[in-house]
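Student: One structure, as C-alpha cells, below. Some questions next.
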Amino acid sequence: MKKPAEHPAPSGSQHGSPQGQAGANFDATYRRLLQGASAANDSELARALGITPQSVKGSKDKGKIPSSWITKISKENEVSADWLLYGVGAMKRGAAGAAAGQVVPDDEAMAGGLVLVPKVKARLSAGGGSFETNGGVSGLFAFRAQWIRSKGKAGQMVLMEVAGDSMEPVICDNDTVLIDQSQTEVLSGKVYAVGIDETVVIKRVDVAPGKLLLKSENKDYAPIEVPVGEDAGSVRIIGRVVWWCREAR
C-alpha cells in the first residue's frame, strides 16, 4: 500500500510549500487539526481520522502530518485546508469571516515569534454610520507574539477600520483598531466594539445600575444608554479594543 504523503510543519510563508521545519510549526498545525476535528486529545483525533492512537503518536514523534489527515478533516468537517496547513483565513470553508467570531486566526501561524492577525473587510461605525461588510479577510498583519499575548487572546483578535468622528481625538476616522473578541466582560472606562442592531460602534463603556453608558470622546455626541440583561435586546459587546493605529496623512 502506498504510504501517504506527509507534511512537515509549514514554513513562515503564507502560501508557500508545506515543506518546512518541525517543532513549533508542527505543534501549531496539529492544534488546528484538533480544533478542526472538534477533538480534545490524541484519542479523539484518532477516532475522527479512523486510525489508531498509536498512529497519531507516531506522526507526532516524527513531527510530520500525513496529507490524508488534512484531506479527511477538511472534507468531513468543512474546514479550509489552507487554514489547517497555514493558519490563513477563516477556519470554515465559505465563512463570511467579517462577523464577530467567524474569523479564526492561528496564534502560531508564522515562525520567528510572530502572530498573524486578520484584518476583516468591515468598517465599524464610530459615529452615525452603519456596520458595513462584504465578507472575507483583506489581509494578515504580523505582531510580535510576546506583545500581542500580553494584550489578550491572540486567536480571537481581529483588526477593523473605524468610520466616523465620535471618538476623536483619541480614535479618528480611518484608524485601525485591534479587537479581542474574547474580552466581552465590561471593565468600566475601557473602549469596546459594541453592536446595536445592525450598527457597530466604538465607544468607551461605563457600567451603571441596570444599564451601560456608551460614551464618545467627541463632546458633540451625547452618551448612549442601553439596558443590560434580558432587556438588552440586540445590544452586544463584540470585544474590547486593545490597541489602535493610524497612517500618516
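Student: Karplus couplings for segment 209-216 from phi (6.51 cos²θ - 1.76 cosθ + 1.60, θ = phi - 60°), rounded to Hz, Gly and Pro as x?
Tutor: x, x, 7, 10, 10, 9, 10, 9
Student: OK, next. What FRET efficiency, computed as 1/(1 + (r/R0)^6) with R0 = 25 Å and r the Cβ-Cβ distance, is obtained for Arg236 and Asn77, rounded to the nearest 0.05? The partial results should precede the final answer.
Tutor: On the way: r = 27 Å, r/R0 = 1.09.
It comes out at approximately 0.40.
Student: Excluding residues on the same chain fewer than 8 positions from Lys151, give the lysines whose Cα lies under 30 Å from its Cα.
Tutor: Lys92, Lys119, Lys121, Lys190, Lys203, Lys211, Lys215, Lys219
Student: Treat each spin label as a single point 7 Å out from the Cα along the C-beta direction, and report the Asp173 to Ala248 distance in nm.
Tutor: Rounded to a tenth, the inter-label distance reads 2.2 nm.
Student: Using amide H atoms built 1.01 Å from N in the peptide plane, name the residues 5+ places from Gly239, or on other chains, whose amide H lies under 5 Å from its own.
Tutor: Counting only residues 5 or more places away or on other chains, the set is Ala193.
Student: Continuing with this model, one more query. Give me the one-decimal nm value for the distance between modelled label points at Asp61 and Val228, 7 Å along each residue's Cα-to-Cβ direction.
Tutor: A separation of 5.4 nm, rounded to one decimal place.
Read the figures in this text as sums done on the coordinates, not as results from a lab. This is a predicted model, so every value here is computed, not measured. Note: ideal-geometry Cβ built from the backbone for every residue, glycine included; neighbour counts use all protein chains shown.
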